[in-house]
Each structure stands twice: as structure tokens, then as C-alpha cells.
Amino acid sequence: MSSQIEKLLDTEYKLGFVTDIESDQAPLGLNEEIIRFISEKKKDPQWMLDWRLKAYKMWLKMDEPSWAHLTHQKIDYQNISYYSAPKQNIKSLDEVDPKILATYEKLGIPLEEQKLLVGIAVDAVFDSVSVKTTFHEKLKELGIIFCSISDAIKDYPDLVKKYLASVVPMGDNYFACLNAAVFTDGTFAYIPKGVRCPMELSTYFRINALNTGQFERTLIIAEEDSYVSYNEGCSAPMRDESQLHAAVVELITLKNAEIKYSTIQNWYPGDINAKGGIYNFVTKRGKCLGDNSKISWTQVETGSAITWKYPSCLLIGDNSHGEFYSVAITSLAQQADTGSKMTHIGKNTSSTIISKGISALKGSNTYRGLVKIRPSALNSRNFTQCDSLLIGNQCSAHTYPYIDVQNTTAKLEHEATTSKLSDEELFYARSRGLSEEQAISLIVNGFCKEVLNKLPMEFAVEARALLSLTLEGSVG
Amino acid sequence: MLSIKNMSVVIADKKVIDGLDLEVKAGEVHAIMGLNGCGKSTLLKAIAGSYETSVKGKLEFLNQDMLELDSSARAVLGVFMSFQNPVEIPGVNTTYFLKSAINELRLARGQEPVISPEFMKDLKENIEFLGINKDILKRAINVGFSGGEKKKSEILQMMMLKPKLMMLDEIDSGLDIDALKSVANGINKIRDKDSAVILVTHYNRLLEYVKPDKVHILQDGKIIKSGDFSLAKDLEDKGYEDVLK
């Protein structure tokens, strides 16, 4: 049976295709010249160039972290091109290369129809440059800023200067520091005081050019009494070369504000022999700065050869709340080391961590979490649940939950389970008429239900489809 | 409708069924009895196409070679097995599970998906018929069900899926009299001249409600004695040792 499942699982990456458009690409390697090149391409102001150069010098003195439960080929940082952009400078949809539009259509997000799709504003990133931002004007009426971070640097320098690296300091970690030096684009969103963003903001990332690192930088600020839900979805074309991705996402909520950040990550996972696939080293952190504020991370991680990612919350405001809901699937030879860090600083702060790890074929899945209760965080609470599901005999699941409590008034709960998808479960579902794939999909969806329920509706539909797709042959 | 000749079944590297013959005709009820560990459950699993079993010999249902079909395809043909220990599937709502299964069967049979209001009406009727608390429809399948609820849920699934071959593995174990009656009523309600029932049981009680046409005693991987209902009565009175003397 397991061999049948393996055959199913080892299916071709469904979103694997490459669009052939001319890229404006930096030569391989990283040095001060390259950073100046990127900065010039981005038309950075001087302060941004200085900031990048400072980060670069800091990065040179840092070492790649080795504590994660991951093994991969050594990354040759001098064999990566740090900038790639579609050549034209596009102002309207009519000017967009038809091939790019075709790519989006394959991904199910035709830009042409997006104009009609009220409800979702899409800031589409093709390689590293924002091709098109839609619904910009409608959002503007409410005072919401939703644009590429490059535009924000030029148009809203005061906001950017105030908040950039205020959550993830420049030298926070090796990959975040690299990102600070070379980030090429990303999303900026600012929700003014008292505004509830009426639509889901959304970005679709797509890595496309050969040997190109993807260094996104996202900054979202929710002013007092505001609310925003942001969806990040990713997929990448089929590639043999390993591609490095090091993104940084920073969220800030002020008093009574809420940010809901949802991710579907479906980058090329490489093959069963660990050939190819994206190396994904991401730093995501939110700062609940104001009292009663809330940040919620929901992620569905199905792609990438290597995932290193710990969406975290700094709970500074009193009564602030942090959430982390995660489904991570590792099939083929994928490895994920993912989890969350909840740092309780304010009084009566609370956090919830629900992590569902699924390993299939030769996949390795690690949950790594830290719940830290500082002395000031009186009456704090945390609930953590991490469940692992194993499919087959070659995969593995690992759990490293750290708890550090520095006062006596905190209440913490931790639950963890590890189970194996059994032949008996599969047989039970199949004896009722479900096909093997459907049975697997049903069981896995059931396992992830608590997390999937947290996703915005249309995103949840996509996530379920993706789970089934990833697990075609992911139960063994 | 079911034709088994010289069938052997290996499960967990052990030959449990060895040279078994069995013919079941449409409209018949067969009871399979035997000591613990004689292979009754394995026989049903082999017919339903469990991953655990490796089968040799002839196994035909409705003139189709079942050995060429996987468990899903056998279900499409109309084979159903209720489990002695129904499996819990966390997070999968019972109603959703049933509807998915029905639609999958319909799709494979070239039929349109079930119409929701009709499905719900059918479900509600069957639930009332079996005396099941309707809460279980919202709960994950078999998770936290009592022993009786699990058995009744198996019958509910069978009533909804309307199979042609109903195989019930110790459906009577752990049931109180009232529950046993409703389970038996459920079986009797859906069986007809075109369908057959195979009951695996240790006790006569169920057989008094679902009258068997044939009773078989399984031992050493074979059917060593067959008879009518009186054989089951004999067994209950005298025990296996005396009956098989």
C-alpha cells in the first residue's frame, strides 16, 4: 500500500511552469556594488541605501544559524542573483506582458478579472517588482495605504522610517539581516485610526527567474481601533536549482487594533531525492504595541524544500492577544522547522498556539516553539497544542516546545499528540466508497480542521484544494 | 451473487483462511460463527478488500473478479462491511463523511451528486428509525461515540449507502436489547431480494431478529459445517466442542 501512496505523492509539482520573459537581472554574487545596484534599480533615497549598506556590513559578521532540525546543501551566497525584475515599467494592465497575464491565469488569478473582483485587492509580485496594484484608489478613500514597499519608501518615508525594523531589528538574525541589505520589494499597508479595512488585502508572490533569491519585505501597521485581514499566497514554477528565499514580515498593532495575517505557501518542494526546491528562511513577527490589540497568524505551509519560519508575537500592550495557527506538510524530501514564539510582556496578555504537522514519504517536520512569560506579564495565559501526523514509515516528526515562565501568576497549558495515519483508517473510509486520495484528503483535512477554520473563506477553499493536491500520494 | 472457491487469506504473515468455499445468493442471510480467532473478521476484510489481507483463490461478486478491484471499487459494486471496532477519524464530521462517500459512489456509478435536502431527509428518517441522538451527525465520525452509538452509526451508514452485500462483523457485541432490536430492524429494513447479508456473530440473539438462511461454522480457515438456523441453536445449547464432535 505504501508504495501506491508513494507513487501518488511523487506527482509532478502542479504549479510548475516557467514563464519566459526577459528579466533585468543582477550579476551573481553579493558585495557593496550589488547593493548599490539594487538600490539604484529601486530608486532608493539615500537613507535607504545607507540602511542597506549598514545591514550588509552587519551581515558579513554574522554566521548562518545551525540550530534548526534541517539539513541542506550549503548555500553559496555568491552564486545567487539578488535582483531580478520584469523589464518594462508598467503603469496599467494593458501594458502588462501577455505572458505574465497568462501565468496569473494558470495560477487562477487573472488580473483582468481582478478589477471586477470587488472584495480582494491584489498587490501582485512577479519576481521582485510589483507589477500592478489594484483597488488602490478605493482603499485610498478610507485613508488606507496599500502599496509596494518600494513606493512606500518614496511616498511615505516618515511612516517607513518610524516602523521599519521596529519589530525585526536589522541584525535580528542572519536571514533577516540579509533581507535588510538586499530586499527588493514587498508590501506596505497602513490602516488609519478607527478604520476597519472592508476587504481582504492580498498578495500573490511568485518566484520566477533562474537562480534568483527572493527577498520580500512586508510592513503592516494598524493604528488605534483599526482592523485588517491580509492574505499572502505563494507558488513557484518548477526548477532544479535551489532557490533561496528570505523574507521579513513585520506587523504592528496599536491600541485596540487587530491584524489577521494568513499565508498559503506552496513553493516548489523539490523532488523525492531532495533535488531542487525553494529554501525558505522567513522571519515573521508582530508587535502588539497597544493595549487590547491582537495579532493572529495563520499559515498553511505545503511547499519549499526547506522551511525555517517562526511567526511570532511580542505582547507588549496590556490584555493583548497573539495567535498562531499552523498546518505544515512535508512530503517528498521536504523539511520544515517551524513554530511560534509568544513573548508576554504586558499584563493579562494571552496567546494561543495550534500547530498541525503532517509528514509523508521522506518528509521531516519539526515544531519549535517558545512561550516566554516576562516578570511584568502578570496573569498571562498561553494554550499550546501541537499535533503531528505521520504517513508512512520513512517520515519523521519532532517537537521542541520551550516554556520560560518568569512570574507565578501565569497559566500555561500544553498539549501534544503524535499519531500515524493507519491502514485501518484508510480502509474504513475506502470501504465506504471513497477513493484513496479522497480518503487521505478527508482524514488530513479533519486533522487540520481547527487551523483551516481560521482562514478567510476563499483562502480556506484554496488551502483544502492544496492539501489534497500535495497529499496526492502523501499518505503512506 | 458472492462466489468464493478455494480462497486463502494471509494477514500479518499468517495464513488465516485456507481453502474456503462459500456461495451466497441474492436475498439470503448467512451467519458465520466460530471460536475467537478462527478468521471470521479476516474473511470479511478479505471480501471488502482490506490492505492487510493478501488473497488467493476465487473471489467473485456479481460475476466480477474482486481480486482485481481495490476496496473503493468493491464499495462501488455494492460491498459494505461494518467494522467490529469502527475507526475514529478526528475532525471529520459524520454528515460530511457520509455525504462524501455517497457522492463518490454515485460519481463512480455515473450518477449525479445527491441533492442535499433529499440526503438530509433520508438521514433524518434513518436516524429516527435507529433511535440515534442526532448530535452524532455534527460530531467527528466515531470520535467519542459510545459503544452502542458506534454500532448504530455503522448501520446508519449502511442504510444510507444501500449496499448489495452487507457484511456485519459482530454488530451485536456490547449492545443492549433495545439497541440490538433497532440494529436488526435497520438491517431488515434495507435488505431485499436483490441483496444479501453476512453476519458474523457469537450469539443467537441477533439471528432471532435477522433470520439466517444458512449458518456456517468456521474453523482452521475453512467452513467445516453448514446448516440452517438450528445449527446456531445447537451451538448455543451444546458449545462448539460437542457440535463438531
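The values are calculated or read from the model by the stated rules, or taken from the named source; none is laboratory data. What you see is a predicted model; the values in this text were computed from it and never measured. Glycine gets a Cβ as well: all are built from the backbone with ideal geometry, and neighbour counts include every protein chain shown. For accessibility, only protein heavy atoms count, side chains too; no ligands or nucleic acids. Shrake-Rupley method; radii C 1.70, N 1.55, O 1.52, S 1.80 Å.
The C-beta contact set for the stretch B:18-34 (first residue free of Cβ contacts under 8 Å to residues at least 24 places away in the same chain, second residue surrounded by fewer than 21 Cβ atoms within 10 Å (Cβ to Cβ) and part of a strand (DSSP E or B), distance under 8 angstrom, 6+ apart or interchain) comprises B:E23/B:S3. Listed by position, the strands (runs of 3 or more DSSP E) inside the stretch B:196-245 whose residues that are open to solvent by less than 30 Å² (accessible area, probe 1.4 Å) number at least 2 are B:196-200, B:214-219. Is there a residue being out of contact with any Ser or Thr (no Cβ under 6 Å at 6 or more places or on another chain), touching a residue at least 40 places away in the same chain (Cβ under 8 Å) and crowded, with 22+ Cβ neighbours inside 10 Å anywhere in the stretch A:398-413? No, the stretch A:398-413 contains no residue that is out of contact with any Ser or Thr (no Cβ under 6 Å at 6 or more places or on another chain), touching a residue at least 40 places away in the same chain (Cβ under 8 Å) and crowded, with 22+ Cβ neighbours inside 10 Å. Are any of the residues in the stretch B:22-39 surrounded by 21 or more Cβ atoms within 10 Å (Cβ to Cβ), in contact with a Ser or Thr (Cβ under 7 Å, 6 or more places away or on another chain) and within 14 Å of chain A (Cβ to nearest Cβ)? No - not one qualifying residue is present in the stretch B:22-39. Of the residues screened, A:E425 is one that is open to solvent by less than 40 Å² (accessible area, probe 1.4 Å), among the acidic types (D, E) and over 28 Å from A:T343 (Cα atoms). Only a single criterion out of (1) touching a strand residue (DSSP E or B) at 6+ places or on another chain (Cβ under 7 Å); (2) surrounded by 21 or more Cβ atoms within 10 Å (Cβ to Cβ); (3) under 29 Å from B:I177 (Cα atoms) is not satisfied by B:L98, namely (1). Considering the conditions (1) touching a residue at least 40 places away in the same chain (Cβ under 8 Å); (2) open to solvent by 30 Å² or more (accessible area, probe 1.4 Å), B:M120 is excluded by exactly one of them, (1). Contact annotation: residue pairs with Cβ atoms under 7 Å, 6 or more positions apart or on different chains, pairing a residue in the stretch B:69-92 that is within 8 Å of another protein chain (Cβ to nearest Cβ) and closer than 20 Å to B:K151 by Cα with a partner that is basic (K, R) and open to solvent by 20 Å² or more (accessible area, probe 1.4 Å), are B:P86/B:K150; B:G91/A:K449. Just one of (1) within 12 Å of chain B (Cβ to nearest Cβ); (2) in contact with a Cys (Cβ under 6 Å, 6 or more places away or on another chain) fails for A:L434. It is (2). Can you list residue pairs whose Cβ atoms sit under 8 Å apart, with the first residue in the stretch B:44-62 being more than 10 Å from chain A (Cβ to nearest Cβ) and the second being among the polar types (S, T, N, Q) and open to solvent by 50 Å² or more (accessible area, probe 1.4 Å)? Count only pairs 6 or more apart in sequence or on different chains. Pairs found: B:G57/B:N6; B:K58/B:N6.
Screening the stretch A:364-476 for strands (runs of 3 or more DSSP E) wholly inside it with 3 or more residues that are touching a helix residue (DSSP H, G or I) at 6+ places or on another chain (Cβ under 7 Å) returns no ranges. Among the residues of the stretch A:335-391, the ones that are over 22 Å from the mean Cα position of the chain (by Cα), surrounded by fewer than 24 Cβ atoms within 10 Å (Cβ to Cβ) and within 23 Å of A:K411 (Cβ to Cβ) come to 13 in all. On the basis of being open to solvent by 100 Å² or more (accessible area, probe 1.4 Å), part of a loop (DSSP other than H, G, I, E, B) and at pLDDT below 90, does A:Q73 make the cut? So A:Q73 fits the description; yes. Counting only residues that are open to solvent by 10 Å² or more (accessible area, probe 1.4 Å) and either modelled with pLDDT of 95 or more or of a type in the set (F, W, Y) (or both), the stretch A:269-281 holds 1 of them.
Taking the numbered list (1) within 14 Å of chain B (Cβ to nearest Cβ); (2) surrounded by fewer than 21 Cβ atoms within 10 Å (Cβ to Cβ) in turn, A:V451 passes all entries but (2).
Checked against (1) modelled with pLDDT under 95; (2) aliphatic (A, V, I, L, M); (3) open to solvent by 20 Å² or more (accessible area, probe 1.4 Å), B:V76 passes all but a single condition, namely (1). When restricted to residues that are out of contact with any Lys or Arg (no Cβ under 6 Å at 6 or more places or on another chain), of a type outside the set (A, V, I, L, M) and more than 10 Å from B:V55 (Cα to Cα), the stretch B:1-17 contains 4.
Return the only residue of A:S331, A:S320, A:S293 being in contact with a helix residue (DSSP H, G or I) (Cβ under 6 Å, 6 or more places away or on another chain) and farther than 16 Å from A:Q385 by Cα. Going through A:S331, A:S320, A:S293 in turn, the sole match is A:S331. Can you find even one residue in the stretch B:144-165 that is closer than 25 Å to B:G19 by Cα, at pLDDT 95 or above and either open to solvent by less than 30 Å² (accessible area, probe 1.4 Å) or in a strand (DSSP E or B) (or both)? Looking for residues that are closer than 25 Å to B:G19 by Cα, at pLDDT 95 or above and either open to solvent by less than 30 Å² (accessible area, probe 1.4 Å) or in a strand (DSSP E or B) (or both), one finds at least one in the stretch B:144-165, hence yes. Filter the stretch B:129-156 down to the residues that are within 14 Å of chain A (Cβ to nearest Cβ) and aromatic (F, W, Y) and list them by number. Selection gives B:F145 alone.
In this structure, is A:Q243 in contact with a strand residue (DSSP E or B) (Cβ under 8 Å, 6 or more places away or on another chain), modelled with pLDDT under 95 and more than 18 Å from A:L70 (Cα to Cα)? The answer is no for A:Q243.
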